[in-house]
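The structure appears right after this line, and notes come after that.
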Amino acid sequence: MTTTTLTTGVRVRDVRRVFDRRVVLDGADLTIAPGEFVALLGASGSGKSTLLRAVAGLDRGATGSFDVPDRRAIVFQEHRLMPWSRVWRNVTLGLDAPRLRDRALRALTEVGLAARADAWPRTLSGGESQRVALARALVRTPDLLLLDEPFGALDALTRLKAQALVARLWTEHRPAVLLVTHDVEEALLLADRALLLRDGRIAEEFVVDVPRPRALDHPRLLTLRRHL
Ligand code: ADP
Ligand code: MG
């Protein structure tokens, strides 16, 4: 695995990953322009999380060439907050910078949770916990935001609100985004492009050339949805 940093976008080539002699990624290529929002779709078990972890630099077993920004942040399906740290400390955990609490409060304000800064994670709802996870990503001012089914564990209404929040944060901060999801409608609502992972590669690509904000009954989205 070779990793370099040339741009604030992503250029990843020929990613391979084998688990127990099973080829999960078989030469996957992925490009994301700076500020572009890309959704990665695929069946359960198709290797979406494996590809995201490889792009994140978290998988030493993946081979390929990786040109990925240094400033990247990840949100997983589970919030992964540390239960023994208050919310604001969770947001800045691992950061080495002055005025950490101020930074945390700014990020928490962006996700509407400044009032919960001193709360313990176990007192938060699932949706609030994911918003804290988003704040923890934002505080790092990422050039690349990696989202692995971040709304998958939320109920339908909470998910809609969380999707709207991500759409707003992306518009305001404009990181490149790789959103792993198996929800076609989510991809169509949020992304500039939707990629389909199949047989270990990006098998298809759909450009979602529909202005935002989007509604799912837009004729172009209806057409795309039939193909996905
Ligand atoms: P997806 O996110 O698309 O649902 P994953 O990337 O999680 O799929 O997994 C793809 C395949 O790789 C699955 O068959 C899964 O069981 C396998 N896999 C993922 N991680 C590991 C691991 N650490 N060890 C063994 N097999 C794994
Ligand atoms: Mg997954």
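Every number in this text was worked out from the coordinates using simple rules, so none of it is lab data. None of these values were measured; they are calculated from a predicted model. All Cβ positions, glycine included, derive from the backbone under ideal geometry; neighbour counts span all protein chains shown.
Go over the candidates ARG86, ARG22 one by one and state the one that is within 16 Å of ligand 1 (Cβ to nearest atom) and surrounded by fewer than 18 Cβ atoms within 10 Å (Cβ to Cβ).
That would be ARG22, the only listed residue that is within 16 Å of ligand 1 (Cβ to nearest atom) and surrounded by fewer than 18 Cβ atoms within 10 Å (Cβ to Cβ).
Before we move on, is VAL208 under 18 Å from the mean Cα position of the chain (by Cα), surrounded by fewer than 23 Cβ atoms within 10 Å (Cβ to Cβ) and farther than 19 Å from ARG159 by Cα? Write out each step before concluding.
Values: under 18 Å from the mean Cα position of the chain (by Cα): yes; surrounded by fewer than 23 Cβ atoms within 10 Å (Cβ to Cβ): yes; farther than 19 Å from ARG159 by Cα: yes.
Spelling it out, VAL208 is indeed under 18 Å from the mean Cα position of the chain (by Cα), surrounded by fewer than 23 Cβ atoms within 10 Å (Cβ to Cβ) and farther than 19 Å from ARG159 by Cα.
Out of contact with any Asp or Glu (no Cβ under 8 Å at 6 or more places or on another chain) and either within 16 Å of ligand 1 (Cβ to nearest atom) or without any contact (Cβ under 8 Å) to a residue 60 or more places away in the chain (or both): does that describe ASP67?
Details: out of contact with any Asp or Glu (no Cβ under 8 Å at 6 or more places or on another chain): yes; either within 16 Å of ligand 1 (Cβ to nearest atom) or without any contact (Cβ under 8 Å) to a residue 60 or more places away in the chain (or both): no.
In short, no.
Just one of ARG226, ARG168 is out of contact with any Phe, Trp or Tyr (no Cβ under 6 Å at 6 or more places or on another chain), under 23 Å from GLU78 (Cα atoms) and among the charged types (D, E, K, R); which is it? Reasoning before the result, please.
Values: ARG226 fails: under 23 Å from GLU78 (Cα atoms).
On inspection, the qualifying residue turns out to be ARG168.
For the stretch 1-120, which fully contained strands (runs of 3 or more DSSP E) count at least 2 residues that are over 17 Å from the mean Cα position of the chain (by Cα) and within 16 Å of ligand 2 (Cβ to nearest atom)?
Values: elements: 2-4, 10-19, 22-32, 37-41, 63-67, 72-75.
The qualifying strands (runs of 3 or more DSSP E) are 10-19, 22-32.
When you go through (1) surrounded by fewer than 19 Cβ atoms within 10 Å (Cβ to Cβ); (2) in contact with a Leu (Cβ under 9 Å, 6 or more places away or on another chain) one by one for GLY152, which number turns out not to apply?
(2)
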